[in-house]
Amino acid sequence: MNLFTFVKSQVSILDIIQSYTTLRKAGNYWKGHCPFHSERTGSFTVSPHKEIFYCFGCHISGDSISFITQIEHCSPLEAAKILIDRYHLQVPEDLQYQENPTEKKRYHHLCEQITQWCHEKLLKSSAAFGYLKERGLSETTIKAFKLGYFPGGLQAVKYLIHDMGRHSILIDDLIEGNILAKGKNIFYSPFEERILFPITDHVGNICGFGGRIFKSGDLRAKYYNSKESDYFNKGSLLFGLENAKKQIQVAQKVFLVEGYIDCLAMVEHGFRNTVATLGTACNAEHLKLLSRYANHLSLVYDGDKAGQQAVLRIAKLCWDQTIELTVVPLPAQEDPASLLQKGHDISLYINESHDIFLFFIQSLGVNFAQKSLSEKLSLTRTILETIQKISDPLKRDFLLQKASKTVDIPFDSLKQECLLQKTADIAVKEPKNTPQLALLADEQIPTLEKKLFCAIMQDISLFNKKKNAQYLIPFLSEPLQAILKILTTLLTTQPDIPFMQFFDLLDAGQQGLVSKLLLEEEHEIEEKEFEQLLLQLQKKYWKVIVNNIKLKIEDARRAADEQKVQELMHEFITLRKNLINV
Ligand SMILES: [Zn+2]
């Protein structure tokens, strides 16, 4: 047993996948919406007995380890570690992985230590702590998010270098990690005199910081974020996700805000399922990440023009997301933090949420009648371009209905225009960035072969028992032949090999095909049926088989192996007798 088989033996694939998507029992399998691509009907299928999954929509497939590698974008070893942590598995000593102190690990260790160091400094700094209190944050929230304060001045940098040295972090590490920078004769930090917001990646490692000025008279840029690197990519990170994950999954809803303080203020007021972008616009990757955890995303953006513009941009890129998007309308001049701090009840605004597309049409339609003709045409086109990308026809019609009122053009004309645009644009519907591992042309494999193959995958012992399997493999189509050859080799040394062990040895394409064929077959193929299928195949290739046996008999005769000749004759007669009944 290795680490992967151990992990797989400890946690059911159903449990693992159910924390990303809801599955329902359907016969021998479980089905649900695919967490890898947008779809309206569930084509994602899991076999708890074989411990594999397959999506009939985007053809992604594999076992529990590869599920995690694909959904969390990590290596198999990282996937195993995620599952070990998540399910508190006790790994037997002989299976424990030895790790080299890799660059990545060193970086995370650095971020971890900086977080701790700055957090302690914050708790001791009345100015920094006072500022956060003033912004309405409690000690509990400050501690839960490990907020920090990076003190200023040469002395502070000196202490930092000294303290980090005790955790085997060198000055070079601090410079490399963008915590310190080198001046003429001194080291300084771009985070000096800033409140530090530690940011975690989707696996829970601290991977960077947002730093905010807080002293009056500080004229530097309001925010300073860690530099973009392999480990810190603002476009795919969300502040607060680690703390919010659980609550998001429970509520199946997530609030997205624009700033760190907004996020913390929401949490402070009981909306623990809130995350924030890192001072960058929300992009498709953020939406995809969030759609793994929830099916409803609510934007709580600033009420000012910039905030509203940001929402409009999201409306244009969210049409192919499975997640439902709504917009919480805040009064102009207010953001979530300011509103909450004034003691307003934000749930009143949440209750007023609109669907994002409706918001989009309404916003573009403000003062429509007063606009010039060219402006009107351009706005109408923008609205149509967005609506025609929505895959739900009912929703499309509903929005066209609304748009028709806004732009004062008959519904039928809009619909016709929309259809015209859609046919030109149909290619973009294909899911993007989805690993397509199992796209083998299995349509070309005859049903008979598929069934035979499937029967063997369902019960390997069937294959082992059949002596005449030699008249099976050569007649199968290529992907199947190669897979069964691997199985044959394995069976010679391990006649009772478990399915999972065999499956592990296949390449990704083969695994995909096996998963697909297995999950396509609705019922268990019994031994009797298998034999009948096998005879059908042999009947089809009867001439080839006869020729083959003839050649073997000739060989045996030449070698004067009379016993072998008798055996072959017997085999031939038995085979022919069986085939007569087919
Ligand atoms: Zn899929």
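The values are calculated or read from the model by the stated rules, or taken from the named source; none is laboratory data. These figures come from a predicted structure and were not determined experimentally. When we count neighbours, we look across all protein chains shown, and the Cβ atoms used for this are built from the backbone with ideal geometry, even at glycine. Only protein heavy atoms, including side chains, enter the accessible area calculation; ligands, DNA and RNA are left aside. Shrake-Rupley method; radii C 1.70, N 1.55, O 1.52, S 1.80 Å.
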Sorting 8, 133 on solvent-accessible surface, 1.4 Å probe, most exposed first, gives 133, 8
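I'd like the carbon and sulfur percentage of the solvent accessible area for the chain, probe radius 1.4 Å, heavy atoms only, ligands and nucleic acids excluded.
Values: 15240 of 29190 Å².
About 52 percent, which is the carbon plus sulfur part of the accessible surface.
Pairs 81/253; 50/316; 133/182: which exceed 30 Å Cα-Cα? Could the numbers behind the result be given before it?
Numbers: 81/253 27 Å; 50/316 41 Å; 133/182 33 Å.
Correct reply: 50/316; 133/182.
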Compute the Cα gyration tensor for the range 201-278, then decide on rounded, prolate or oblate, letting a ≥ b ≥ c be the square roots of its eigenvalues: rounded whenever a/c is under 1.5, prolate when a/b is larger than b/c in the other cases, and oblate in all that remain. oblate
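Using a probe radius of 1.4 Å on heavy atoms only, what accessible surface per residue do you get for the chain? Whole Å² is fine.
On a per-residue basis, the chain sits at 50 Å².
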For the range 531-541, take each phi angle, set θ = phi - 60°, evaluate the Karplus expression 6.51 cos²θ - 1.76 cosθ + 1.60, and give the result in whole Hz per residue in order, putting x for glycine and proline. 4, 4, 4, 5, 5, 4, 5, 5, 4, 4, 10
Taking a straight Cα-to-Cα line shorter than 18 Å from residue 485, and setting aside same-chain lysines fewer than 8 residues away, one finds 450, 451, 465, 466, 467
Could you grab the relative contact order for the range 310-399? Cα pairs under 8 Å, six or more apart, rounded to a whole percent. 35 percent
How large is ³J(HN,Hα), in whole Hz, for each residue of the range 199-215 in order, when computed from phi with the Karplus curve 6.51 cos²θ - 1.76 cosθ + 1.60 and θ = phi - 60°, using x for Gly and Pro? 10, 10, 7, 6, 9, x, 7, 6, 10, x, 9, x, x, 10, 5, 9, 8
Local charge sum around residue 130 (other residues, Cβ-Cβ under 13 Å, Lys/Arg +1, Asp/Glu -1)? +2
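Cα-based count: Lys pairs in the range 498-565 below 20 Å, eight or more positions apart or different chains? List each step's numbers first, then the result.
Working: 528/539; 528/540; 539/550; 539/552; 540/550; 543/552; 550/564; 552/564.
Final tally of qualifying lysine pairs is 8.
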Sorted by accessible surface (1.4 Å probe, heavy atoms of the protein chains only), largest first, 522, 529, 385 come out as 522, 385, 529
Nearest 10 degrees, 0 to 90: what angle lies between the long axis of helix 542-558 and the longest principal axis of the chain (Cα atoms)? 60 degrees
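Report, in deg cm²/dmol and to the nearest 500, the calculated mean residue ellipticity at 222 nm for the chain, where each DSSP H run with n ≥ 4 adds -39500 (n - 2.57) and the sum is divided by the residue count.
-15500 deg cm²/dmol
Calculated FRET efficiency, residue 548 and residue 504, Cβ-Cβ r, R0 30 Å, to nearest 0.05?
Working: r = 33 Å, r/R0 = 1.12.
Once the sixth-power term is evaluated, E becomes 0.35.
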How large is ³J(HN,Hα), in whole Hz, for each residue of the range 260-276 in order, when computed from phi with the Karplus curve 6.51 cos²θ - 1.76 cosθ + 1.60 and θ = phi - 60°, using x for Gly and Pro? 4, 5, 4, 4, 5, 5, 4, 4, 4, 9, x, 8, 6, 8, 10, 10, 9
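Let me check something: with ligands and nucleic acids excluded, how do 159, 131 order by accessible area (1.4 Å probe), largest to smallest?
Numbers: 159 125, 131 30 Å².
Of 159, 131, the descending order of accessible area is 159, 131.
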Under 14 Å Cα to Cα from residue 305, which aspartates and glutamates show up? Leave out anything in the same chain fewer than 8 places away. 258, 334, 335
For the chain, longest principal axis from Cα atoms; helix 562-580 axis from its Cα atoms; angle between them, nearest 10 degrees, is 70 degrees
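Taking Rh as the Kirkwood radius computed over C-alpha pairs, what is the Stokes-Einstein D of the chain at 20 °C in a medium of viscosity 1.002 mPa s, expressed in µm² per second? Don't skip to the end; give the middle numbers.
Working: Rh = 28.5 Å.
Once the numbers are plugged in, D ends up at 75 µm²/s.
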